[in-house]
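A.B. asks: Okay, here's the structure, questions in a sec.
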Amino acid sequence: MSPVVEPPTNDPINPLRIVPPTHPPTEEIPGPLPELEDDLTPDDYIPSYDCDGSVMCDAMSVAWCDDAVNFYLTRTDSAYYGTTANETRRGACTGWGSIGCAVFIQGNDDPKCRRTGNQMWWDYQDIRKQGQCWSCGTKHWYPGCMTTIGYVSWCKSDLLEHYLD
């Protein structure tokens, strides 16, 4: 009989080792049926990815992006990030001097363009793994709604929304 192995935990010796929350399995769902489009949610779409971004993407450190998503996002299951005028935040960023990396929500003024911090964390992982994006990249998860990793020319997380418009 093999010994029971405990799941990994946050390592106090290496604070950069982040253990993610449990990720729900992703099912592939065919595209929306036109007559039901108004009733669809972001979960009804198969995401797509691109690695587009500023020509400055190669100048930013990927570690800044990792820090933004791991330490500056409010990681809860409440929809805290979005694109409507009522949203308090669009994302998080960090950097050095005049350059930085932001992880943020982009999209139209649609109430469905909302994400929790945990969803954004998983979007970031998906952009890196599924989208195979090394620096900048985007996960398109609902028509007109996306999570983006990108270069910003000035970064202060509590004012991020003013620099992304």
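We did not get these values from a lab; they are worked out from the coordinates using the rules stated. It should be emphasised that the depicted structure is a prediction, and the values quoted were computed from it without experimental measurement. Neighbour counts run over all protein chains shown; Cβ positions are idealised from the backbone, glycine included.
A.B. asks: Quick check on region 99-121: of everything there that is of a type in the set (D, E, K, R) and touching a strand residue (DSSP E or B) at 6+ places or on another chain (Cβ under 9 Å), which residue is surrounded by the most Cβ atoms within 10 Å (Cβ to Cβ)?
C.D. replies: ARG115
A.B. asks: Filter region 86-115 down to the residues that are more than 17 Å from TRP154 (Cβ to Cβ), in contact with a Ser or Thr (Cβ under 6 Å, 6 or more places away or on another chain) and touching a residue at least 40 places away in the same chain (Cβ under 8 Å) and list them by number.
C.D. replies: Answer for region 86-115, where residues must be more than 17 Å from TRP154 (Cβ to Cβ), in contact with a Ser or Thr (Cβ under 6 Å, 6 or more places away or on another chain) and touching a residue at least 40 places away in the same chain (Cβ under 8 Å): ILE105, GLN106.
A.B. asks: Moving to a separate point now. Determine, yes or no, whether TYR124 is out of contact with any Asp or Glu (no Cβ under 6 Å at 6 or more places or on another chain) and assigned to a strand (DSSP E or B). Reasoning before the result, please.
C.D. replies: Numbers: out of contact with any Asp or Glu (no Cβ under 6 Å at 6 or more places or on another chain): yes; assigned to a strand (DSSP E or B): no.
No: the conditions fail for TYR124.
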